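The values are calculated or read from the model by the stated rules, or taken from the named source; none is laboratory data. Here the structure is a predicted model, which is why all the values come from computation and not from measurement. So basically every Cβ, Gly included, is an ideal-geometry build from the backbone, and we count neighbours across all protein chains shown.
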């Protein structure tokens, strides 16, 4: 009898072990490629494979887009923890440790499968490319702004609407450029900061291209002088001139990202400068077959980024102000100029809905 119960006990234990392995396999899958390992509770193995391979494609294509070269493989695979759900807000966080010439870290992302693939992964993988290239924390506005520039066009459009809203209805939430470039941590109200950083990065990409933005950042980070970097790479005298005479006017006309639609006065003043590479006529979309490192060793540093909620909360900002005024005045404290006001048309017409020239849709850009 004792032996009978003993064998039954062993069978129960074996059954529990098998069940545990089965459940673990069913609810947590893992897949690895050359540079990434994807894990996730409730992920299927097919989803893990898709996310991991998408991360590799983003790493390859986006490094070519930003740097002009493909990154060599990392010495350690980058772990990505994924949560998938149609009702989950899309976003993520990426943590880096800079140790000597190497960069280590981990990534946590969530959202619907579609939004993870076309926005979250490209955004977070861009952070890893910047970290690998600069081997140091990138200024917050530029790191987040540039990474947002490779999200799905619908997400970018949300941010364009958001910056228009803040400039027109709540300008105190925006920052003078000389303050924006110096922030090392996120402000308490992060959405205006994200929207503004994204918009400025998008303007610089529109008139100069992705690689020039990286060179601009490299000069600014090496010298600590953003005005010098602007003069050297864009021919713009200082941050105040960029803010007032270029960026604000560009936002006011709808933030056109097709270079031929940008008025001459808002293009780069040094058109013949060999360092200036004009952007392509079409804004690249890395998610659809886009064809389109660095040398400094820094002390050990750690940087963590946490993506904010997606800009659906714009309605919460806008809900209490339904003003239909024709022109909104932007205070001099924001414009960083002696002029007391800068008029910005209140009517917002997105250049992403219909191109003014011929009415061509650019929904797939």
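What to note about this one:
- Apart from one condition, residue 96 fits all of (1) part of a loop (DSSP other than H, G, I, E, B); (2) modelled with pLDDT under 90; the exception is (1).
- Against the criterion of being at pLDDT 95 or above and within 28 Å of residue 71 (Cα to Cα), residue 203 qualifies.
- Odd one out for residue 87 among (1) under 27 Å from residue 212 (Cα atoms); (2) at pLDDT below 90; (3) surrounded by fewer than 22 Cβ atoms within 10 Å (Cβ to Cβ): (1)
- Scope the range 144-182; condition assigned to a loop (DSSP other than H, G, I, E, B) and farther than 17 Å from residue 240 by Cβ; matching residues: 149, 150, 151, 152, 170
- When the test is whether a residue is in a helix (DSSP H, G or I) and within 17 Å of residue 137 (Cβ to Cβ), residue 221 passes it.
- Subset tally (residues that are within 22 Å of residue 181 (Cα to Cα) and out of contact with any helix residue (DSSP H, G or I) (no Cβ under 6 Å at 6 or more places or on another chain)) for the range 144-160: 2
- Output for the range 57-93, where each listed residue is closer than 20 Å to residue 143 by Cα, more than 17 Å from the chain's Cα centre (by Cα) and not in a strand (DSSP E or B): 68, 69, 70, 71
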